[in-house]
1. Based on what the data block shows, is LEU185 hydrophobic (A, V, I, L, M, F, W, C), surrounded by 14 or more Cβ atoms within 10 Å (Cβ to Cβ) and in a helix (DSSP H, G or I)?
2. Among the residues of segment 93-110, is there at least one that is hydrophobic (A, V, I, L, M, F, W, C) and under 29 Å from ALA197 (Cα atoms)?
3. Examine segment 191-209 for a residue that is outside any helix (DSSP H, G or I) and either in the same structural domain as SER93 (by TED's automatic domain parsing) or at pLDDT below 75 (or both), and state whether such a residue exists.
4. Taking the stated definitions as given, is GLU103 modelled with pLDDT of 90 or more and either surrounded by 13 or more Cβ atoms within 10 Å (Cβ to Cβ) or under 30 Å from CYS73 (Cβ atoms) (or both)?
5. Just give me the residues in segment 156-182 being assigned to a helix (DSSP H, G or I), over 28 Å from the mean Cα position of the chain (by Cα) and not small (Gly, Ala, Ser), in sequence order.
6. Among the residues of segment 106-134, what is the count of those that are over 12 Å from the mean Cα position of the chain (by Cα) and either exposed (fewer than 14 other Cβ atoms within 10 Å of the Cβ) or not small (Gly, Ala, Ser) (or both)?
7. Being outside the structural domain of GLY79 (by TED's automatic domain parsing), in contact with a Leu (Cβ under 7 Å, 6 or more places away or on another chain) and either closer than 15 Å to CYS61 by Cα or acidic (Asp, Glu) (or both) narrows it down to one of GLU123, GLU152, GLU147, so name that one.
8. Output the number of residues of segment 109-121 satisfying the condition of being touching a helix residue (DSSP H, G or I) at 6+ places or on another chain (Cβ under 6 Å) and part of a loop (DSSP other than H, G, I, E, B).
Amino acid sequence: MGDAVSSVSSASGRRAGEAGRRRRPRSVGRGLSGVQLVVSDAHEGLNAATGQVLSCPWQRCTVHFLCEALGHCPKDAQGMVAAAIWPIFNAESDEEARRLLGETVARLETPLPKVAQMLVEVEDDLLAFYAFPASHRSKLRSTNPLERVNREIGRRTDVVGIFPNDRALIRLAGALLIEQNDDWLVTRRYLTEDSVAELLTARRRARERDSVKEGAATRVDPRADERGTRTPLDATQLPQTRMDTGKSGGAGI
């Protein structure tokens, strides 16, 4: 999982994307792998670099999206729009979330067509977190957990005021990050190892099923006639693939 927040213009976003494509391969070379999802606001360059380098889904921060949507509403309609959109992010399943989104689009299409169009355009990116276990979703649908850490670092550095050198600042920020990491590992588990292993195992099985289906579509009957016509084999003729039920390792963080 990766988290990043930025609020730059489109032009600087493109520059950031080019810089990201240059930087991230070094991160991959240092061992970054198994990234399952990147969560950020609508940063054009970052999103482009994420797709090209990490090849993983992108989740648009739901809080940033809601703030942007409310910016296109008159003040007297903002409460109604927020009450209509927020249940989409608290649905029990992806199917229910998409149904609620469709209903919300239909309600807003006439009074607030801009907001309705925004919902339609970002539906897949806005609901990407529903592909993960329910226990993960509240932590993956926005960048709030990361921003809370950033605010705490800002608060503690404001107390010090002036640092004698860069290394002193790094020591303080590093100590806070280590403390937060330990808190997520022990006191308030951010993502449990068992739930991540369950997710990765399910996805591995899905890939194995897909490979079996592709094999059924591409394999041909060796008893093709003399004209060279190819007859696809029936799926029952394929060798059975044993599904591994063992647990996999943790996701890339």
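1. Values: hydrophobic (A, V, I, L, M, F, W, C): yes; surrounded by 14 or more Cβ atoms within 10 Å (Cβ to Cβ): no; in a helix (DSSP H, G or I): yes.
Judged against the criteria, LEU185 is not a match.
2. Of segment 93-110, the ones hydrophobic (A, V, I, L, M, F, W, C) are 97, 100-101, 105-106, 108.
With the extra rule that they be under 29 Å from ALA197 (Cα atoms), the set shrinks to 97.
The answer is yes, given that some residue of segment 93-110 is hydrophobic (A, V, I, L, M, F, W, C) and under 29 Å from ALA197 (Cα atoms).
3. Kept after step one, since they are outside any helix (DSSP H, G or I), are these residues of segment 191-209: 191-192.
Restricting the remaining residues to those that are either in the same structural domain as SER93 (by TED's automatic domain parsing) or at pLDDT below 75 (or both) gives 191-192.
Looking for residues that are outside any helix (DSSP H, G or I) and either in the same structural domain as SER93 (by TED's automatic domain parsing) or at pLDDT below 75 (or both), one finds at least one in segment 191-209, hence yes.
4. Details: modelled with pLDDT of 90 or more: yes; either surrounded by 13 or more Cβ atoms within 10 Å (Cβ to Cβ) or under 30 Å from CYS73 (Cβ atoms) (or both): yes.
So GLU103 fits the description; yes.
5. Taking segment 156-182 and keeping what is assigned to a helix (DSSP H, G or I), we get 156-160, 166-182.
This time we only want the ones that are over 28 Å from the mean Cα position of the chain (by Cα), so: 156-160, 166-172.
Correct list: ARG156, THR157, ASP158, VAL159, VAL160, ASP166, ARG167, LEU169, ILE170, ARG171, LEU172.
6. The initial filter retains those residues of segment 106-134 that are over 12 Å from the mean Cα position of the chain (by Cα), namely 106-123, 133-134.
Okay, now just the ones that are also either exposed (fewer than 14 other Cβ atoms within 10 Å of the Cβ) or not small (Gly, Ala, Ser) (or both), so 106-115, 117-123, 133-134.
Within segment 106-134, residues that are over 12 Å from the mean Cα position of the chain (by Cα) and either exposed (fewer than 14 other Cβ atoms within 10 Å of the Cβ) or not small (Gly, Ala, Ser) (or both) number 19.
7. Details: GLU123 fails: outside the structural domain of GLY79 (by TED's automatic domain parsing); GLU147 fails: in contact with a Leu (Cβ under 7 Å, 6 or more places away or on another chain).
Unique residue meeting the criteria: GLU152.
8. 1
The values are calculated or read from the model by the stated rules, or taken from the named source; none is laboratory data. Predicted model only: the values in this text are computed from it and were never measured. Virtual Cβ from ideal backbone geometry, glycine too; neighbours counted across all protein chains shown.
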